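One structure is given here, and the rest of the page talks about it.
The values are calculated or read from the model by the stated rules, or taken from the named source; none is laboratory data. In this text the structure is predicted, and so the values were computed from the model without any measurement. Note that each Cβ is placed from the backbone with ideal geometry, even for glycine, and that neighbours are counted across all protein chains shown.
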């Protein structure tokens with residue numbers, strides 16, 4: 001029973017491996033193991049044999065226990081086939097071929113590498129960073145080339161292989177990362193989509209990027225494009241902030257500081273402001289008529305956005321566009337042109353319950369992963385780490401259900 005507990009602690013699943021001796025040195029533990037004789041299948045001819053040819057001691061690195069590394073000495077058996085006279089070592093689950101660490105150490109290192117830096121994974125498992133990197137680079141992560149019904153695309157700042165931005169492609173309905181592309185260029189997106197089976201794709205969710213739209217049209221023909229609600233509504237907030245900064249420059253120092261600190265207050269929806277906040281907003285709007293006009297236009301768009309649905313969104317948008325075009329503020333004229341250019345895609349966001357919320361969350365996770373690793377310069381390694389983290393989280397989620 002004690003020996004069984006020791007093998008379990010060392011992460012050894014082979015039932016025919018037993019403990020010979022275990023002792024503690026000053027800075028590490030030594031475990032001497034041996035294998036029991038059993039029937040083996042010849043890898044050459046397939047015949048079964050139990051005849052032993054020779055023995056060999058192999059040094060193996062085990063897991064870290066109580067802050068001490070475990071050095072394993074395993075006595076392995078070499079068998080000989082009586083049919084073809086081929087000699088071979090017995091098969092063991094505890095260590096992969098040509099490796100000097102137990103499989104449990106390798107698995108633990110890969111699990112830690114999914115949620116932390118490679119250096120941290122190496123320190124926790126007691127191996128070198130280069131060994132962890134070799135294991136990780138050799139890992140194969142298959143990705144699906146059959147795209148689902150609804151996909152979303154968005155860029156994130158990855159700074160890998162000389163490209164500042166990389167592209168994330170996700171399955172919106174099943175909330176999964178499909179793949180990571182090396183850059184956000186039209187030809188890269190088009191080449192990726194052409195390499196996939198896109199027969200099921202009906203809708204694409206994206207921000208207001210003309211490059212994305214061009215690539216989607218070229219590769220997929222005429223799918224239904226949905227503009228992300230956050231990305232088109234922030235145009236109005238940016239226009240309001242542009243006016244706030246213009247007004248701020250013309251104010252004396254005391255009022256300028258107050259105006260500078262009022263950005264979030266002016267962005268906040270009027271309906272969610274407290275009485276005290278509403279009073280402060282009214283005082284700010286009295287300073288300049290341009291600021292009041294900009295705030296009223298932002299409030300108009302905010303009301304349309306929150307109260308519209310698939311039935312009245314079109315009429316409400318047309319009314320808002322008329323007011324934007326009639327204003328004296330160039331920033332809101334640009335908002336009107338943007339909304340007009342993307343009108344159909346914006347209206348689709350009121351008809352279908354899809355947005356870029358999940359993909360933006362994924363991008364935030366990628367930023368954290370990149371920060372923990374102090375940047376990942378190789379794109380292939382960064383892509384694999386993002387996909388591997390997703391797989392590990394899925395396994396852990398199912399395990400703790």
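Considering only residues in the stretch 181-203 that are touching a strand residue (DSSP E or B) at 6+ places or on another chain (Cβ under 6 Å) and outside any loop (DSSP other than H, G, I, E, B), the one that is surrounded by the fewest Cβ atoms within 10 Å (Cβ to Cβ) turns out to be 197.
Of the residues that sit in the stretch 204-219 and are in a helix (DSSP H, G or I) and in contact with a helix residue (DSSP H, G or I) (Cβ under 6 Å, 6 or more places away or on another chain), which one is farthest from residue 339 (Cα to Cα)? Among them, the one singled out is 219.
Conditions tested, residue by residue: (1) in a loop (DSSP other than H, G, I, E, B); (2) under 24 Å from residue 366 (Cβ atoms); (3) outside the structural domain of residue 8 (by TED's automatic domain parsing).
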site: 74; (1), (2), (3): no, no, no
site: 83; (1), (2), (3): yes, no, no
site: 88; (1), (2), (3): no, no, no
site: 105; (1), (2), (3): no, no, yes
site: 109; (1), (2), (3): no, yes, yes
site: 114; (1), (2), (3): no, yes, yes
site: 120; (1), (2), (3): no, yes, yes
site: 135; (1), (2), (3): no, yes, yes
site: 142; (1), (2), (3): yes, yes, yes
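Has the stretch 331-343 got any residue that is free of Cβ contacts under 8 Å to residues at least 12 places away in the same chain and closer than 19 Å to residue 182 by Cα? Walk me through it before giving the result.
The initial filter retains those residues of the stretch 331-343 that are free of Cβ contacts under 8 Å to residues at least 12 places away in the same chain, namely 333, 337, 341.
Restricting the remaining residues to those that are closer than 19 Å to residue 182 by Cα gives none.
No, that holds for no residue.
Looking only at the stretch 281-306, residues that are out of contact with any helix residue (DSSP H, G or I) (no Cβ under 8 Å at 6 or more places or on another chain) and more than 24 Å from residue 251 (Cα to Cα) come to 2 in all.
Checking each residue in the stretch 352-362 for being outside any helix (DSSP H, G or I) and touching a residue at least 24 places away in the same chain (Cβ under 8 Å) picks out 352, 354, 355, 356.
The criterion of at least 3 residues that are within 35 Å of the chain's Cα centre (by Cα) is met by the following helices (runs of 4 or more DSSP H) wholly inside the stretch 278-351: 289-307, 330-341, 343-351. Checking each residue in the stretch 330-361 for being crowded, with 19+ Cβ neighbours inside 10 Å and within 22 Å of residue 292 (Cβ to Cβ) picks out 331, 332, 335, 336, 339.
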